[in-house]
Each structure stands twice: as structure tokens, then as C-alpha cells.
Amino acid sequence: RTMLRNIGNHLSVYDFNPMKIKIVVVAHGPGVKFFMKDLSGSPWEKETIKIQELYEEEKSLSMYGVEYLICNITLQRLKLDASKLHEFTKIVPSGVGIVGHLQAVERFAYIKVQ
């Protein structure tokens, strides 16, 4: 939730105009759970996460151009069903690889959320 609030704050500084700022969220490892429709059959199925609230916030931010990239290596390693990901996410071959590309080639800054 902190991450989503921070993204909203960044967007507000740029008048929620996706032509002024581009935000990309890359999820890998346990971070992918926050972009799943449900956690059944996953390593996190016993965790309590407000999935619907997260979905609504993530979906809202996607309307302002925020992209959510999900690591395929994580999906394969944990045998996660890609159809359980939210419709506004995009699967990339490697989460770490795409972060490197975004930084080196597309000149993105990396901000790690704690």
C-alpha cells in the first residue's frame, strides 16, 4: 500500500499526466502476490491480503499509464498460474533483467520500496 500511495504522490506532482512521467512497477519473487486475483495454490494462500482493495488501487493507477511488469522466472519457479494475474499486468522474461534494461537503456531511476 505504501508503494501505491507513493506512486499516486509522484503522479500528482505531474498532474496525473502520463505524458509528463512514466512509472513502471516490476514485481518478482514474493512481490508477484500483490498482482494476483487470488492466492489459492500459491505459496501465499494462507496469507491475508486485501486483494480487492489492491486491485482497485492498481487498476486506477494503470489508467494513468502506470505499468506493472511481472517476472516470468518467478511464475515458472513457483508454478504460478499466469491467468491469475490481473488483466493490466504484463509478463516479462526476467524481472531483474527488465530493471537493468529500464535503467541502462531507457534511463529510468530505480526506487526500491521498503
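None of the figures in this text is laboratory data; all of them are computed from the coordinates on show. These numbers were taken from a predicted model, which means no experiment stands behind them. Cβ placement follows ideal geometry from the backbone for every residue including glycine, while neighbour counts extend to all protein chains displayed.
Structure data summary
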read-out	value
Qualifying residue in the range 11-28 (condition: more than 28 Å from residue 100 (Cβ to Cβ), hydroxyl-bearing (Ser, Thr, Tyr) and in a loop (DSSP other than H, G, I, E, B))	no
Hits in the range 10-28 - residues which are of a type outside the set (Val, Ile, Thr) and closer than 15 Å to residue 89 by Cα	27, 28
Qualifying residues in the range 58-77 (those that are crowded, with 17+ Cβ neighbours inside 10 Å, over 21 Å from residue 19 (Cα atoms) and of a type in the set (A, V, I, L, M, F, W, C)) - the one farthest from the chain's Cα centre (by Cα)	75
Boolean, residue 55 is of a type in the set (Phe, Trp, Tyr) and surrounded by fewer than 16 Cβ atoms within 10 Å (Cβ to Cβ)	no
Helices (runs of 4 or more DSSP H) lying entirely in the range 30-114 (those with 2 or more residues that are farther than 23 Å from residue 2 by Cα)	72-77, 95-104
